[in-house]
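Peer 1: Here's a structure for you.
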Amino acid sequence: MFKGFVAIIGFLTLSVNLNALPKQYTKIDTIKFDKDEIHTYLHEDSGLLVRWIDNEDTNTSFTLGVRTPTTDNTGVNHIIEHTVFTGSESFPSSTLFFDANANYPHTYMNASTAADMTVYPFATPYDECYMGLLDVYLDSVFNPQMLHQPHSFYEESFYYDPTTNKYGGVVYNEMKGANSQIGRVIFRNIRENIYAGTHYANDSGGAVEAIPNLTYEHFLETYRSYYYPSNMIAVLYGDIEINKVLDKINKYVKNYKLATPVNIHVTPELENKKVEATYNTGGDGAYVIKSFVLPRLDDIQSITDVDLWINTYMMHPQSQFRQNLQSKGIESLEIFKDSELTQPIYSLIISQIQPSDVEYIEEVLNEEINNLWNIEEQKQHEIDTLEQTKLNILQQDMDKSRGIDISQSIVSDWVHNRDNISYYTLKEYLGSLEDINEQNIDVLKDAVQVDIILTPIQDESENRDPMELVLMEEEKWTNILNGMREWQAEYDKKVLEPTNLKKMIIDLDVKDKKYKKDNINFNHYLSNTELINTEVYLPTSHIPQSDLNYLFLYSHCLQKASEEITPFEGILKTKIVALENKENYVPYLKIDITSSNTKNQIEILNKANDILANKDDDWYRMQIDKVLGQFYGTFQNDIISTLGTLTKGGQDGSKRYMYEAHYPFYTFCLACKNNEIDFIEQTKQVFNSLGKRDGISIGIVSNEAVAKESIKNWQTYFEDKQIEDITDYKYDFEKIDKDSVYYKEGQVDYLLYNYDSKKDYIQAIDYLASAYATKNYLQPEIRIKKGAYGSGMQAIFPNTISIYTYRDPHYKSSIEIIENMPEALEQSDIEQKMRMAKSEALSDFQGQFGLFSSDMKIASILHTLNLMQVDKEYIINTQKDILEIDSDELRQNLDDINEIIINSQKGICIKK
């Protein structure tokens, strides 16, 4: 609900560097929080501020933050963020970002633009890659080639191709896709109506109708106005050679002089008001949004008090506020916190309601909000909220993205002139609380309230020809396009030094023990943490095909019921899965429970089942609406994933089973909603079909003592749950052999080829060939030349190879490009290109298997491999094999690409 709401402090040992600080820097201070030390330095000549979070974490990171207020809707800051990575003084490659992505294995590499800042972060556990990426990032930001030629500007922003009458531009197509998502429509309406007349009302990503109006001159002017060291902060994290890194930074900023930083602060003109607006992203439901605009709160403690109070008295599932709304037919309630502002906004959102019910919903919501201010103290609910917060702290403390999270928090604090270490002070404040401080709640009660009503409409204005909007004569585009194509083709030589990939082979290093007790397989993964995580895989192959939809619905209902007791005692999640093994596949209901290691997780599961057993028919009918809403959200916001599941309808085994849990289940829920199926009693009966049988596997992540006790608890739980007369069914699903076409409101297309390799599991050569095809054909031809936001080929464990385009301006031409790949894929200079592909394949493989993840995630992967009868040596061996493949073997595999294209299931998402 509140992303990034809780701050954490890790338990890490300090690293000490006794070398003298480089002379260009002055050390301002050092502050210690547990085993992190935050050192602050100032580069005297340029004014660059540097903060280093010093600890022994080897997953080191770098984040550069720039104050970049959004002065119009052209997306200029977003386009700069893209374009700086299209070649620099030392690295003159038009595909520099992708070169670096391939050359330097990493755990995170990105850049992003918000309304008032742009950040450039990366993370890697390898010293060599850290220094290499540091050079690429700094040279790109301070010495971009875009200052000397306009070609990269047109590639990344907008261009017109007179020969095809098509429009391109990476950011242009990205925003055509982004602006068709309802979440972004809601966000933009809140910002535009509350912060009207300020830079926060402008679209930092870029409005589709405004991007074509951006000129190269305005683009350069904006870069020069913001990109100088006095307007920047660099945040370093982890076990790094600090003087070596500071010297590297000095190389890029030493010629700059002190300057005045950009002022991003504004004061909106606020008033209580109601706004009616429309959207056209698909769907026929209305949205009621009530926003509370708080006064400026400079201290993190005051904001935290508001957060905790809202979580307790508004969002707690058992709060009087929620209960009253539900009794009046309002089940769906979300909250959006927009804190990156001078005056933060909290918005209550009620989604997908009938337009005819809007007035009623408004009346009920206003009445219940008025009742809130006189509500009695709910001590238990306050304890629940604090327990939830502590659980979040423990979970985030284990996350390998810790360095990036802390660094981005520090950048945000600096941009907004807040407590510069709020990530830590928030943790300290939460640790001191025994109950919720209600003294600051008047700021919410007295806040300005803005009501926004969003209703659906068919708006044809967005279909206007971009050439009607652009500030350039059509005949000039031929010269622009020719110049851009020549520039894109110029780079044909190495610009990055190769890395020593053999040093970067790593293993899943969580220790595990296996037990078999009472015919239950237990896997203990040792982790010295205050949490316990348990995965219970219950085989469901004994459930007949005719009852599978009730199983799928039961899985959803069990998780929803558990939310009434969790996350205050623990977090219970359920998932339908099907795992391949050497013989066939096994379907499971997976139950995942995370709690503090003092909790008996059996009690959490039992409570969830008890709550579910006592639910009435209306609750179950409400769950049908929720399932359909979840499908709708996925269809809207995760289109490649949707196409991936739809294409499984034409495949075999576990893939076809997972298709059954998707679109056929969706149509089943539609029939339930229309009262065509009596589903409630049969869904309730699923509980009696789940219990002890052969094939149960339980994975436990904890310390030794806690695991021992947990194993005893699970043995006791299953003692009286033996299933009699088990028959494992061989499901006979109808195969869907035609292409899957998904129609959606939007202005861009999506395309997916999904190929079943028919292997037990894909091999090193599949990862390498996919990386090679992506780097040397799909990205240049589709992403760069066509301006699609993304395109690539990917090997996906256990046995899938996919080819995709993402936010594509026209899918039909991409089909032609993909189908021409077997003949057009360049194999000259294959040794050099293969080296880059090996680096990217290694990085992709390590990311796919979460080799830099938390113990819990790694344990989950090991548990899955065990169920699939895959030896964990596969992890090490595949990495080694990637590096040992020679050019002849790669050429031979590339010859099989035609087979992949011809025999793939194809999925397409296009505009209605």
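The values are calculated or read from the model by the stated rules, or taken from the named source; none is laboratory data. Model, not experiment: these values are computed from the prediction. Reconstructed Cβ throughout: ideal geometry from the backbone, glycine too, with neighbour counts over all protein chains shown.
Peer 1: Take the residues in the stretch 35-58 that are touching a Leu at 6+ places or on another chain (Cβ under 8 Å) and part of a loop (DSSP other than H, G, I, E, B); name whichever of them is modelled with the lowest pLDDT.
Peer 2: Per the stated criteria, the residue is K35.
Peer 1: May I pose another question? Quick one: Y256 ticks every box in (1) farther than 30 Å from N193 by Cα; (2) outside any loop (DSSP other than H, G, I, E, B); (3) touching a Pro at 6+ places or on another chain (Cβ under 8 Å) bar one, so which box is it?
Peer 2: Result: Y256 fails condition (2) only.
Peer 1: Might you let me know whether the stretch 692-702 holds any residue that is part of a helix (DSSP H, G or I), aliphatic (A, V, I, L, M) and within 29 Å of S595 (Cβ to Cβ)?
Peer 2: Checked against the condition, which is being part of a helix (DSSP H, G or I), aliphatic (A, V, I, L, M) and within 29 Å of S595 (Cβ to Cβ), the stretch 692-702 yields no hits at all.
Peer 1: Starting from the stretch 239-264, take each residue that is farther than 23 Å from D413 by Cα and modelled with pLDDT of 95 or more and list its partners that are in a helix (DSSP H, G or I) and among the aromatic types (F, W, Y), counting only C-beta distances under 6 angstrom and pairs at least six apart or across chains.
Peer 2: Matching pairs, first to second residue: Y252/F142.
Peer 1: Moving to a separate point now. Being touching a strand residue (DSSP E or B) at 6+ places or on another chain (Cβ under 9 Å) and without any contact (Cβ under 8 Å) to a residue 24 or more places away in the chain is the filter here; which residues of the stretch 661-708 pass it?
Peer 2: Y663, K708
Peer 1: Can you give me the number of residues within the stretch 303-342 that are polar (S, T, N, Q), under 19 Å from K379 (Cα atoms) and not in a helix (DSSP H, G or I)?
Peer 2: 2
Peer 1: Then there is this: So E192 ticks every box in (1) part of a strand (DSSP E or B); (2) without any contact (Cβ under 8 Å) to a residue 12 or more places away in the chain but one. Which box is left unticked?
Peer 2: Only one criterion in (1) part of a strand (DSSP E or B); (2) without any contact (Cβ under 8 Å) to a residue 12 or more places away in the chain is unmet by E192, namely (1).
Peer 1: How do the helices (runs of 4 or more DSSP H) wholly within the stretch 76-178 filter down when requiring 1 or more residues that are over 20 Å from A788 (Cβ atoms): which remain?
Peer 2: On the way: elements: 76-83, 96-103, 127-142, 151-156, 170-178.
Output list reads 76-83, 96-103, 127-142.
Peer 1: Considering each residue of the stretch 713-734, count those that are surrounded by 12 or more Cβ atoms within 10 Å (Cβ to Cβ) and more than 30 Å from L605 (Cα to Cα), and give that number.
Peer 2: The total comes to 1.
Peer 1: Something else: Quick check: anything in the stretch 819-830 within 31 Å of the chain's Cα centre (by Cα) and under 22 Å from Y753 (Cα atoms)?
Peer 2: The initial filter retains those residues of the stretch 819-830 that are within 31 Å of the chain's Cα centre (by Cα), namely 819, 821.
Still in the running and under 22 Å from Y753 (Cα atoms): 819, 821.
For the stretch 819-830, residues within 31 Å of the chain's Cα centre (by Cα) and under 22 Å from Y753 (Cα atoms): present.
For every residue, the table says whether it meets (1) under 30 Å from P22 (Cβ atoms); (2) without any contact (Cβ under 8 Å) to a residue 24 or more places away in the chain.
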position: A207; (1), (2): no, no
position: E217; (1), (2): no, yes
position: T222; (1), (2): no, no
position: I233; (1), (2): yes, no
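Peer 1: Restricting to the stretch 331-365, name every residue that is of a type in the set (S, T, N, Q) and in contact (Cβ under 8 Å) with a residue 12 or more places away in the chain. Explain how you work it out, then say what you get.
Peer 2: Just the residues of the stretch 331-365 that are of a type in the set (S, T, N, Q), to begin with: 332, 339, 342-343, 347, 351-352, 354, 356.
Scanning the stretch 331-365 gives S332, S339, T342, Q343, S347, S351, Q352, Q354.
Peer 1: Out of (1) farther than 29 Å from T71 by Cα; (2) part of a loop (DSSP other than H, G, I, E, B); (3) not polar (S, T, N, Q), the odd one out for K244 is which?
Peer 2: K244 satisfies every listed condition except (2).
Peer 1: Where the second residue is of a type in the set (G, A, S) and the first is under 16 Å from S555 (Cα atoms) and lies in the stretch 609-620, which pairs have Cβ atoms under 6 Å and are six or more apart or on separate chains?
Peer 2: Pairs found: I611/A561; L612/A561.
Conditions (1) free of Cβ contacts under 8 Å to residues at least 60 places away in the same chain; (2) surrounded by fewer than 19 Cβ atoms within 10 Å (Cβ to Cβ); (3) assigned by TED's automatic domain parsing to the domain that holds L862, marked per residue:
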| position | (1), (2), (3) |
| --- | --- |
| I543 | no, no, no |
| H556 | no, no, no |
| E564 | no, yes, no |
| E569 | no, no, no |
| N581 | no, yes, no |
| V586 | no, no, no |
| I591 | yes, no, no |
| Q601 | no, no, no |
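Peer 1: Being of a type in the set (A, V, I, L, M) and either buried (at least 20 other Cβ atoms within 10 Å of the Cβ) or without any contact (Cβ under 8 Å) to a residue 60 or more places away in the chain (or both) is the filter here, so list the residues in the stretch 115-157 that pass it. Write out each step before concluding.
Peer 2: Kept after step one, since they are of a type in the set (A, V, I, L, M), are these residues of the stretch 115-157: 115, 117, 119, 123, 131, 133-134, 136, 138, 141, 146-147.
Passing the criteria: A115, M117, V119, A123, L133, L134, V136, L138, V141, M146.
Peer 1: Of the numbered conditions (1) modelled with pLDDT of 90 or more; (2) surrounded by fewer than 19 Cβ atoms within 10 Å (Cβ to Cβ), R296 satisfies every one except a single condition; which is it?
Peer 2: All conditions are met except number (1).
Peer 1: Is it the case, given these coordinates, that F631 is surrounded by fewer than 21 Cβ atoms within 10 Å (Cβ to Cβ), touching a residue at least 40 places away in the same chain (Cβ under 8 Å) and of a type in the set (F, W, Y)?
Peer 2: No: the conditions fail for F631.
Peer 1: Okay, next question. Only one of (1) within 26 Å of L333 (Cβ to Cβ); (2) part of a helix (DSSP H, G or I); (3) at pLDDT 90 or above; (4) out of contact with any Lys or Arg (no Cβ under 8 Å at 6 or more places or on another chain) is not met by I289, so which one is it?
Peer 2: (2)
Peer 1: Something else now. Looking at the stretch 498-509, can you tell me whether even one residue there is touching a Leu at 6+ places or on another chain (Cβ under 7 Å) and not in a helix (DSSP H, G or I)?
Peer 2: Residues of the stretch 498-509 touching a Leu at 6+ places or on another chain (Cβ under 7 Å): 501-502, 504, 506, 508.
Still in the list and also not in a helix (DSSP H, G or I): 506, 508.
The answer is yes; a qualifying residue exists.
Peer 1: For I421, indicate whether it is within 23 Å of the chain's Cα centre (by Cα), of a type outside the set (K, R) and buried (at least 19 other Cβ atoms within 10 Å of the Cβ).
Peer 2: In short, no.
Peer 1: Given the conditions (1) in contact with a Phe, Trp or Tyr (Cβ under 6 Å, 6 or more places away or on another chain); (2) buried (at least 23 other Cβ atoms within 10 Å of the Cβ), and given that S180 satisfies all but one, which numbered condition is not satisfied?
Peer 2: All conditions pass for S180, except number (1).
Peer 1: Could you grab me the full set of residues in the stretch 871-886 that are modelled with pLDDT under 95 and more than 28 Å from the chain's Cα centre (by Cα)?
Peer 2: Those that are modelled with pLDDT under 95 and more than 28 Å from the chain's Cα centre (by Cα): D871, E873.
Peer 1: Right, something else. Restricting attention to the stretch 516-559, which residues are in contact with a strand residue (DSSP E or B) (Cβ under 7 Å, 6 or more places away or on another chain), among the aromatic types (F, W, Y) and in a helix (DSSP H, G or I)?
Peer 2: Scanning the stretch 516-559 gives a single hit, F552.
Peer 1: For G183, indicate whether it is closer than 27 Å to T267 by Cα, of a type outside the set (F, W, Y) and in a loop (DSSP other than H, G, I, E, B).
Peer 2: Here the answer is no, as G183 does not meet what is asked.
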